[in-house]
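*Asks:* After the structure tokens below, expect a handful of questions from me.
Throughout, read-outs are computed from the coordinates displayed, never taken from laboratory work. Please read all numbers here as calculations on a predicted model, not as lab measurements. Counting neighbours? That spans all protein chains shown, and the Cβs are built from the backbone with ideal geometry, glycine included.
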């Protein structure tokens with residue numbers, strides 16, 4: 001699971017395209033973040049949950 005744990009894979013991660021470039025933020029905490037940051041409040045999005053479950057089923061990491 002450590003390979004998936006980052007803001008970009010969290011259900012609260014949001015990205016907005018602005019004139020000055022992309023802005024990434026946490027909708028839960030309300031502050032700007034980066035895709036590779038890691039916090040203890042991480043809640044994986046549905047796509048990542050499925051991927052973690054699929055890896056667990058076939059025994060590969």
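*Asks:* May I ask you to give the average projected area over all directions of the convex hull of the Cα atoms of the stretch 7-58, in nm² rounded to one decimal?
*Replies:* Over every viewing direction, the Cα hull of the stretch 7-58 projects on average to 4.1 nm².
*Asks:* Kindly express, to the nearest 10 degrees and within the range 0 to 90, the angle between helix 46-58's C-alpha long axis and the longest C-alpha principal axis of the chain.
*Replies:* Orientation of helix 46-58: about 20 degrees from the principal axis.
*Asks:* Rank by packing, highest mean first: peptides 46-57, 11-22, with packing defined as the count of other Cβ atoms within 10 Å averaged across residues.
*Replies:* 46-57, 11-22
*Asks:* Could you tell me the calculated FRET efficiency between residue 23 and residue 53, based on Cβ-Cβ distance and R0 = 22 angstrom, to the nearest 0.05?
*Replies:* Between residue 23 and residue 53 the formula returns 0.10.
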